[in-house]
1. Do we find a residue being modelled with pLDDT under 95, in a strand (DSSP E or B), open to solvent by less than 10 Å² (accessible area, probe 1.4 Å) and in contact with a His (Cβ under 7 Å, 6 or more places away or on another chain) anywhere in the range B:212-219?
2. Test B:Ser259 against the stated conditions and say whether it is at positive phi and small (Gly, Ala, Ser).
3. Among the residues of the range A:7-28 satisfying the criterion of being open to solvent by less than 10 Å² (accessible area, probe 1.4 Å) and β-branched (Val, Ile, Thr), which is farthest from ligand 1 (Cβ to nearest atom)?
4. B:Glu230 passes all but one of (1) open to solvent by 10 Å² or more (accessible area, probe 1.4 Å); (2) of a type in the set (Asp, Glu); (3) assigned to a strand (DSSP E or B); which number fails?
5. For B:Gly169, all conditions in the list (1) open to solvent by 30 Å² or more (accessible area, probe 1.4 Å); (2) in a strand (DSSP E or B); (3) not hydrophobic (A, V, I, L, M, F, W, C) hold save one; what is the number of the exception?
6. Can you tell me which of B:Asp376, B:Asp343, B:Asp304 is out of contact with any helix residue (DSSP H, G or I) (no Cβ under 7 Å at 6 or more places or on another chain), among the charged types (D, E, K, R) and open to solvent by less than 10 Å² (accessible area, probe 1.4 Å)?
7. On the given criteria, is B:Ser184 over 18 Å from B:Asn238 (Cβ atoms), open to solvent by less than 10 Å² (accessible area, probe 1.4 Å) and either in a strand (DSSP E or B) or of a type in the set (S, T, N, Q) (or both)?
8. Out of (1) open to solvent by less than 50 Å² (accessible area, probe 1.4 Å); (2) within 14 Å of chain A (Cβ to nearest Cβ); (3) not aromatic (Phe, Trp, Tyr), what's the single condition that is false for B:Thr335?
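The values are calculated or read from the model by the stated rules, or taken from the named source; none is laboratory data. Remember, it's a predicted structure, so these values are computed and weren't measured experimentally. No Cβ is skipped: glycine too gets one built from the backbone with ideal geometry, and neighbour counts run over all protein chains shown. Just so you know, the surface numbers come from the protein's heavy atoms only, side chains and all, with ligands and any DNA or RNA stripped out. Shrake-Rupley method; radii C 1.70, N 1.55, O 1.52, S 1.80 Å.
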Amino acid sequence: MLKIKDLHVKIDGKEILKGINLEIKPGEVHAIMGPNGSGKSTLANVLAGREDYEVTKGKVSFGGEDIFEMAPDERAKNGLFLSFQYPVEIPGVSMVNFMKTAVNEHRKHKGLKPFTAGEFLKFMREKKELVQLNSDLANRSVNEGFSGGEKKRAEIFQMAMLEPKLSILDETDSGLDIDALKTVATGVNALKTTENSTIVVTHYQRLLDYIVPDYVHVLYKGRIVKSAGKELALELEEKGYDWIKKENGDS
Amino acid sequence: MTTETKKYSATEDLAGLYTSNIALFESGSPEFMNAARKPAMEEFLRQGIPTRKQENYKYSDLQEIFNRDYHVYPSYVAREMQLNQVFKCDVPELDTNLVLIVNGWYYHQNKELNLPEGVIIDSLSKIASEKPELVEKYYSKLAKTNEDPLAALNTMLAKDGLFIYIPDGVVIEKPIQVINLLHSKEDSFATQRNLFVAGKNSQAKVVFCDHTLTSHHFLSNNLTEVFIEENANFDLYNLQNQHNQSGNLCSVFVSQERSSTSVVNTASLHGGLVRNNLKVELKGEYAEANLFGIALADSDQHIDSFTYVDHMVANCRSNQIFKNVLDEQATGGFTGRIHVQRDAQQTNAFQRNSNVLIHDDARMRTKPQLVIDADDVKCSHGATVGRIDEEALFYLKSRGINDKEARLMLMLAFTHEVIQEIRIDALRERLDDLVEKRFRGEISHCHNCMYHCC
Ligand SMILES: Nc1ncnc2c1ncn2[C@@H]1O[C@H](COP(=O)(O)OP(=O)(O)OP(=O)(O)O)[C@@H](O)[C@H]1O
Ligand SMILES: [Mg+2]
């Protein structure tokens with residue numbers, strides 16, 4: 001599904017990712033944890049195709065193809081989805097129109113006929129129920145005036161609409177109350193198949209109780225410094241990052 | 001009806017055009033219109049064709065556009081063609097009271113309209129002569145020739161245009177659609193003078209559609225005075241869609257009495273040089289003025305809006321949103337003056353000017369001018385000049401929408417904020433559609449019109 005080899009990335013001339021190696025197979029769930037500023041969002045954004053990042057070294061293949069040869073929208077249409085840590089507000093673009101355009105672009109890519117207005121609304125209603133998205137939110141401008149939690153829920157709604165092969169959830173749990181966390185996790189699990197994969201970026205073990213990872217990685221200073229099973233998340237929750245920092249020559 | 005035209009060259013003195021043809025300009029006009037000409041000519045001479053040296057024209061030099069051999073029309077030229085048949089530009093599903101104006105003159109074959117009792121929609125020249133008592137007390141009372149050279153020029157040369165009179169309490173449901181056509185066999189300069197009076201408790205909506213029907217160079221100096229009496233609602237929409245070899249000088253002067261509401265919404269889609277002068281005088285308490293503008297410009301287009309909202313009394317509201325999208329070498333200007341007079345307490349004045357430059361070569365200049373002489377007022381203003389929001393663009397693309405479509409969505413969202421203020425459904429939808437076509441680089445002239453003028 002996704003193969004990252006020795007990925008180096010610079011922002012404004014400063015090296016943020018310093019040799020990431022990671023392989024994700026169909027059906028797997030990977031958690032990425034790590035202290036603030038270690039490069040988790042940078043990794044997520046580079047995979048999604050954000051332009052202001054400079055890839056100085058390394059290779060990433062997605063579905064067997066060089067990801068850097070694909071424009072962001074092509075990556076999306078090939079099944080990549082990023083749930084943003086900070087979803088941007090877009091006044092004047094209605095959520096419905098936005099999703100209709102996006103879904104139909106995906107359908108076109110798959111050689112399917114675009115949804116009619118009626119078909120689309122039915123499809124959207126189903127997905128809204130799945131993630132229990134307040135109807136009102138879908139009728140507003142994209143993320144405009146949404147609360148922190150509403151934004152995250154709207155991201156998962158979009159994920160449900162686009163049915164991606166690889167979802168990257170960048171701190172989707174932050175800002176969610178306990179009930180919302182459960183709904184979102186239930187939504188994510190409901191969309192899970194043996195074919196699609198998930199990368200969960202989080203600071204908290206809590207989410208991983210619901211979305212159970214096959215692997216947990218610790219990203220620190222632009223490198224994956226530790227990888228293990230789900231028990232690693234528990235250990236981090238208990239001990240914090242100091243021991244990781246020490247192991248890597250910092251205190 | 002004569003078909004005489006006079007040739008005008010910029011090297012001659014425009015004022016001389018009037019002084020050497022006084023009889024021609026005076027013929028057919030009532031005394032009060034003629035009496036205004038000479039003082040207007042003197043005012044025009046004093047102020048001259050606007051250049052950047054004039055405070056109010058800092059962002060536009062009109063010398064160049066005036067500097068051409070234009071024909072002028074001191075008398076009506078009867079078009080041999082049936083414009084009613086040629087021109088079927090009504091917005092689909094927009095059922096309107098349709099009026100054609102050709103080169104500033106009321107078209108002689110305009111169809112009779114089915115109007116409520118007492119309503120007049122007719123030639124200004126005709127009504128001014130036949131019923132001067134209806135016109136004289138309003139004529140040139142808002143457009144002060146000593147304050148603006150274009151107003152002076154218009155008053156010096158004014159012969160005809162549209163007159164609308166809505167008696168007290170009358171509501172005109174159907175929008176009044178005024179198609180301003182420029183159509184000639186040679187480069188032409190048109191002067192159009194309109195006067196609208198909306199009586200107490202009346203309601204009306206007027207839509208101007210400015211078009212060029214031939215490919216000649218045109219310059220039009222169009223001036224409209226609007227009197228909105230107590231508790232009346234008056235909307236004026238202006239779709240400016242002339243070709244890029246034309247100069248569109250458009251002045252609208254509005255005065256509002258107590259508890260009246262106005263909307264002036266200008267959409268500039270095409271036109272080589274467009275200058276909009278909009279002035280609103282809030283004279284009665286609890287009046288509300290809404291001024292909106294959207295301009296899309298590319299190639300060498302220049303679009304400049306100058307607004308002046310005068311809060312003369314307490315408890316009024318004004319709301320202004322002006323947006324420009326400039327591509328290629330297009331240039332734009334916005335000056336928004338708000339004057340809150342000493343006794344205009346509890347004024348609420350809002351102004352925003354937002355601009356997106358799509359191309360590196362595009363330029364925008366913007367300046368709010370607030371003069372506040374009262375102390376208990378709410379005034380806010382803001383201006384931004386920027387590029388397309390890259391973060392929003394990436395967000396849309398990350399969901400599978402290609403770069404071109406994503407940009408289009410953002411631009412439409414940007415313009416829609418102004419377009420949504422149009423209170424005629426069919427027109428609003430049409431304009432969204434025209435704007436989208438324009439952004440897509442597809443035709444954007446009204447496709448029912450057989451002349452592909454832009
Ligand atoms: N546009 C940018 N310009 C300059 N520095 C940046 C930019 N974006 C990210 N960085 C820097 O890159 C580093 C990694 O940031 P990133 O957002 O990837 O961290 P993170 O691991 O996601 O942190 P958090 O847990 O706080 O979300 C940080 O030091 C950050 O300041
Ligand atoms: Mg982050």
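1. The answer is yes, given that some residue of the range B:212-219 is modelled with pLDDT under 95, in a strand (DSSP E or B), open to solvent by less than 10 Å² (accessible area, probe 1.4 Å) and in contact with a His (Cβ under 7 Å, 6 or more places away or on another chain).
2. Judged against the criteria, B:Ser259 is a match.
3. If we take residues in the range A:7-28 being open to solvent by less than 10 Å² (accessible area, probe 1.4 Å) and β-branched (Val, Ile, Thr), then A:Ile24 is farthest from ligand 1 (Cβ to nearest atom).
4. Every condition holds for B:Glu230 apart from (3).
5. (2)
6. Values: B:Asp376 fails: open to solvent by less than 10 Å² (accessible area, probe 1.4 Å); B:Asp343 fails: open to solvent by less than 10 Å² (accessible area, probe 1.4 Å).
Every option except B:Asp304 fails the conditions.
7. yes
8. Going through the list (1) open to solvent by less than 50 Å² (accessible area, probe 1.4 Å); (2) within 14 Å of chain A (Cβ to nearest Cβ); (3) not aromatic (Phe, Trp, Tyr), B:Thr335 breaks only (2).
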